[in-house]
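Step one of this worksheet: look at the structure below.
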Amino acid sequence: MRAAFAVAGLCLGLTLGAALPLGAQQIGVIQSDVLVIDPERMLLESDYGKRLQGEIQAERDRLIAYNEKVAQELEAEEQRLTALRSTTPANEFREMADAFDQRVEELRLESERLSRELERRRELIPIQFMRVVQPVLSELLNEANAMVMIDARTVMLHTSAADVTELAVQRINAAIGAGPLAPEVAPEATPEQPAPDQPAPTND
């Protein structure tokens, strides 16, 4: 996740030459050339970040439930084949066993594909999050009359006053809330589970 934040361009080297808003001091934005922010904390504590993580957890739970269901079905099918072995001609039983093995392999590959897709979505969450909240951070940068905003995890020592993470979380919650209704990167649907925001079929 840390690497994904780096890809998202967290170290916002934005030179905003706009004049300092008159109300900046009144709303508690420190005046500093450099601001420090903790992106992981923003993701964990903001309403939007919590929603993104909740969606991934829900998808993971659905995938686990699906895999468990498939495993139970395969176990029952294997037991049925075992019971038929003594009463089924060898060539016919071999065809049934081969078909079963092929189905097991196909389901295994599908499960691996869905797991990879879920992991890809999890890795993209920080990038999606930063894209959406960047305007809020840019506004903070402007109000502080700062030249740069850096990741708190890359700074060895800084004053607590320069850390605007808590204020950023408050601003993100106020401006964005739970975030856009549709994710920027739509996940693939798990079997028997439609993708989010997929239009329902009509009778037209």
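The values are calculated or read from the model by the stated rules, or taken from the named source; none is laboratory data. Everything numeric in this text was worked out from a predicted model, so none of it was measured. Ideal geometry is used to build each Cβ from the backbone, glycine not excepted, and the neighbour counts take in all protein chains shown. Areas reflect the complete protein model, heavy atoms only, side chains present, ligands, DNA and RNA absent. Shrake-Rupley method; radii C 1.70, N 1.55, O 1.52, S 1.80 Å.
Label-point separation (nm) for R94 and D33, each offset 7 Å from Cα along Cα-to-Cβ? Each label point is offset 7 Å from its Cα along the Cβ direction, giving 8.1 nm.
Solvent exposure of segment 22-98, expressed per residue, is 62 Å² of accessible area, with all protein chains present and a 1.4 angstrom probe.
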